[in-house]
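Undergrad: I have a structure I would like to understand better, so I am pasting it below and will then ask my questions one at a time.
The values are calculated or read from the model by the stated rules, or taken from the named source; none is laboratory data. The structure presented is a predicted model; accordingly, all values stated were derived computationally and were not measured. As a convention, Cβ positions derive from the backbone with ideal geometry for all residues, glycine included, and neighbour counts pool all protein chains shown. Ligands, DNA and RNA are stripped out before the accessible areas are found, and what is left, the full protein with its side chains, is counted by its heavy atoms. Shrake-Rupley method; radii C 1.70, N 1.55, O 1.52, S 1.80 Å.
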Amino acid sequence: MEITTSYLAQKIEGKLFGHDKKITGIFNFLGDAKPGDAVVRHWINEQGIEIAVEKRISCIITQNPHGKAVETAAKLGLPVIVTERIELANAFAIEWAIKRFAADALRIVVTGTNGKSTTTHMIHKILEDAGYNTYTNTDPQSEFNTLIDPRVAKQIAEFPGKIEAMVVEVSEVQGWLNKLMKDHARIMTSVVNPDVLVLTNVSLDHIGLVNSLEEAFHEISGAMKAINSPSKTHEKTFAVLNKEDPLISKMAKLKGSETDVIFYGATDPVFKACNLENSPEYKEEAKYEYEEGNRPSEVNMGPDGITCNGDVIVPMEKLPFKSRHFLQNTMAAVGAALVVGISKKTIEESVSSYKPLKRRFSVLHEHPTIIDDFAHNPDGIIATIKSAAKSLKDNGQLYIVSAIRGSRGEAINSANAQAIADGFKGLESKEHLIGSLIVTSSSDVVDENNTVKNHEKVVFLEKLEREGLKYEFHEKLQTAVETVLKSANPTDTILLIGAQGMDPVSDILDEILDI
């Protein structure tokens with residue numbers, strides 16, 4: 001697939017400065033670029049242009065040329081494409097890489113607010129265990145799923161061997177410099193052009209980019225619309241939808257005639273991650289797809305384990321983890337695996353031997369039990385607290401250490417503090433189970449991009465106080481960890497939750513506990 005700078009500029013709604021030139025390499029970062037590559041950067045200055053010329057790249061694609069970058073590039077003979085939507089450049093890069101290096105690959109996209117990484121990671125393992133040489137962009141830090149730079153296109157181009165299958169995690173909402181990149185899920189799903197789309201749930205996370213469930217619904221449902229677009233090349237596509245989430249269930253209405261829907265969810269309330277009927281968003285039309293007489297395939301969770309249309313796929317005793325949100329992610333992965341023809345035997349063996357991503361309800365220590373989870377938005381926090389409480393040992397208490405999200409604004413931190421309060425509310429009748437709550441700004445471990453501002457700390461703590469929660473605050477993560485370890489008994493459980501501010505906690509524990 002030969003491309004030129006003028007063709008690329010047209011496709012990404014950009015303006016070409018300089019001459020038309022054939023692009024002979026791959027889409028890349030400036031630091032890794034080789035002769036002929038096209039470099040995608042959010043911004044570039046004169047120094048960056050000079051480096052690019054030294055590397056003999058084909059062109060620069062940018063949204064924000066700083067200073068005299070364009071003039072310098074013209075003087076040095078380097079084509080520059082300026083676009084107002086850099087995400088279009090990265091979308092083009094992914095589409096180009098797939099067509100060139102993975103045109104025949106089985107392709108699966110996973111998106112939604114929570115559970116994307118675990119679901120993607122598990123599907124990847126199942127496909128690998130089934131014999132596919134499989135690419136995925138999921139990583140423990142969730143840095144590769146944003147698709148706002150050329151990383152995924154670069155990884156596909158440089159992937160060892162022939163890509164036989166790929167599972168791409170797509171961020172449900174994406175922004176840059178506090179500005180929403182509209183229709184991100186639709187655009188990125190469209191360029192991947194998947195055989196299977198998996199949708200996890202709709203809730204608020206990126207507050208400030210989207211400020212209501214309706215806005216989040218619009219962004220996530222874009223992925224469903226993408227698999228119905230005229231540009232898709234598959235005769236048949238599949239949508240694996242969470243029937244426990246009323247807004248995801250509602251997206252079944254958006255399916256095209258060439259798309260089959262597979263629902264997943266718990267039949268027994270004991271295993272449900274959310275309560276459909278009690279949700280304020282619940283409407284009769286949300287469940288229309290699985291009314292009698294119009295019932296599609298379903299993957300369910302019940303006392304026997306994970307089933308599909310009554311057949312046991314993964315017996316209860318073979319499930320490695322039984323927290324509600326893990327079970328929901330597992331059902332989604334099983335549904336995706338079944339529709340692409342993976343055998344029940346392979347699925348059972350793969351799921352039973354699954355090892356979770358780092359910081360996904362990971363047990364770091366026993367006596368006391370220390371659980372580390374990436375929970376960083378309201379739904380994730382509530383689900384994680386409830387799962388941790390359910391796993392308490394006899395006479396054990398639950399201690400929580402929560403890291404405030406730095407440089408993310410007041411709205412998300414207020415919502416996260418409310419979620420902690422809501423998580424505790426379920427334990428009110430079991431007051432003896434509640435240990436203590438410790439909050440930290442993690443000032444000793446975060447960089448400037450994740451530093452907690454004073455107003456973020458204030459809004460977080462004030463919300464806890466208004467909800468009547470007692471807490472202990474420590475600026476440093478290490479102090480917070482040392483404090484909770486001194487308080488907890490061997491039968492207790494310590495839950496560590498948060499995003500970047502909690503990422504280094506396992507290293508801190510290693511030092512303190514000498515493990």
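Undergrad: What's the total number of residues in the range 1-54 that are under 17 Å from ALA153 (Cβ atoms) and of a type outside the set (Gly, Ala, Ser)?
TA: 22
Undergrad: Check ALA97, ALA105, ALA74 and return the single one that is of a type in the set (A, V, I, L, M) and either free of Cβ contacts under 8 Å to residues at least 60 places away in the same chain or open to solvent by 10 Å² or more (accessible area, probe 1.4 Å) (or both).
TA: ALA74
Undergrad: Tell me whether the range 14-26 contains one or more residues that are touching a Lys or Arg at 6+ places or on another chain (Cβ under 7 Å), at pLDDT 95 or above, of a type outside the set (A, V, I, L, M) and surrounded by 14 or more Cβ atoms within 10 Å (Cβ to Cβ).
TA: Yes - at least one qualifying residue is present in the range 14-26.
Undergrad: If I ask for residues that are open to solvent by 30 Å² or more (accessible area, probe 1.4 Å) and part of a helix (DSSP H, G or I), which ones from the range 332-341 would you list?
TA: Result: LEU338, VAL339.
Undergrad: Take the residues in the range 1-13 that are closer than 19 Å to GLN63 by Cα and not charged (D, E, K, R), then tell me which one is surrounded by the most Cβ atoms within 10 Å (Cβ to Cβ). Spell out how you get there, then give the answer.
TA: To start, the set of residues in the range 1-13 that are closer than 19 Å to GLN63 by Cα comprises 4-13.
In the following step, the residues that additionally are not charged (D, E, K, R) were identified as 4-10, 12.
Working: THR4: 17, THR5: 24, SER6: 14, TYR7: 15, LEU8: 26, ALA9: 22, GLN10: 13, ILE12: 22.
Filtering first and then ranking leaves LEU8.
Undergrad: Where in the range 342-423 are there strands (runs of 3 or more DSSP E), lying wholly inside it, with at least 2 residues that are open to solvent by less than 40 Å² (accessible area, probe 1.4 Å) and either closer than 22 Å to VAL505 by Cα or among the β-branched types (Val, Ile, Thr) (or both)? Before you say what the answer is, go through the steps one by one.
TA: Details: elements: 362-365, 369-373, 398-403.
Once the strands (runs of 3 or more DSSP E) in the range 342-423 are filtered for at least 2 residues that are open to solvent by less than 40 Å² (accessible area, probe 1.4 Å) and either closer than 22 Å to VAL505 by Cα or among the β-branched types (Val, Ile, Thr) (or both), what remains is 369-373, 398-403.
Undergrad: Continuing with the same structure: Among the residues of the range 1-19, write down those that are of a type outside the set (S, T, N, Q) and closer than 14 Å to VAL82 by Cα.
TA: The answer is TYR7, LEU8, ALA9, LYS11, ILE12, GLU13, GLY14, LYS15, LEU16, PHE17, GLY18, HIS19.
Undergrad: So which of GLU87, GLU95, GLU54 ends up being charged (D, E, K, R) and modelled with pLDDT under 95?
TA: On inspection, the qualifying residue turns out to be GLU87.
Undergrad: State which residue is modelled with the lowest pLDDT when the search covers only the range 194-237 and only residues that are part of a strand (DSSP E or B) and within 20 Å of ALA332 (Cα to Cα).
TA: So in the range 194-237, the residues part of a strand (DSSP E or B) come out as 196-199, 207, 210, 237.
So of that shortlist, the ones also within 20 Å of ALA332 (Cα to Cα) come out as 196-199, 237.
Numbers: VAL196: 97, LEU197: 98, VAL198: 98, LEU199: 97, THR237: 94.
Only one residue tops the list, namely THR237.
Undergrad: Residues of the range 233-252 being open to solvent by 30 Å² or more (accessible area, probe 1.4 Å) and not polar (S, T, N, Q), which ones?
TA: HIS234, GLU235, LYS236, PHE238, LYS250
Undergrad: A follow-up question, please. Please note which helices (runs of 4 or more DSSP H) are completely contained in the range 66-145 and include at least 1 residues that are over 30 Å from HIS19 (Cα atoms).
TA: Output list reads 116-129.
Undergrad: While we're on this one: Out of the residues in the range 27-71 meeting the condition of being of a type in the set (Phe, Trp, Tyr) and touching a Lys or Arg at 6+ places or on another chain (Cβ under 8 Å), tell me which one is most open to solvent (accessible area, probe 1.4 Å). Please lay out each step first, then the result.
TA: Initial filter on the range 27-71 (of a type in the set (Phe, Trp, Tyr)): 27, 29, 43.
From what's left, touching a Lys or Arg at 6+ places or on another chain (Cβ under 8 Å): 27, 29.
Numbers: PHE27: 4, PHE29: 50 Å².
Among those residues, the one meeting the criterion is PHE29.
Undergrad: Out of curiosity, is GLU87 under 19 Å from LYS179 (Cβ atoms) and among the acidic types (Asp, Glu)?
TA: Answer is yes for this residue.
Undergrad: Same structure, new question: Residues to consider are GLU462, GLU482; find the one that is farther than 21 Å from ARG359 by Cα and surrounded by fewer than 22 Cβ atoms within 10 Å (Cβ to Cβ).
TA: GLU462
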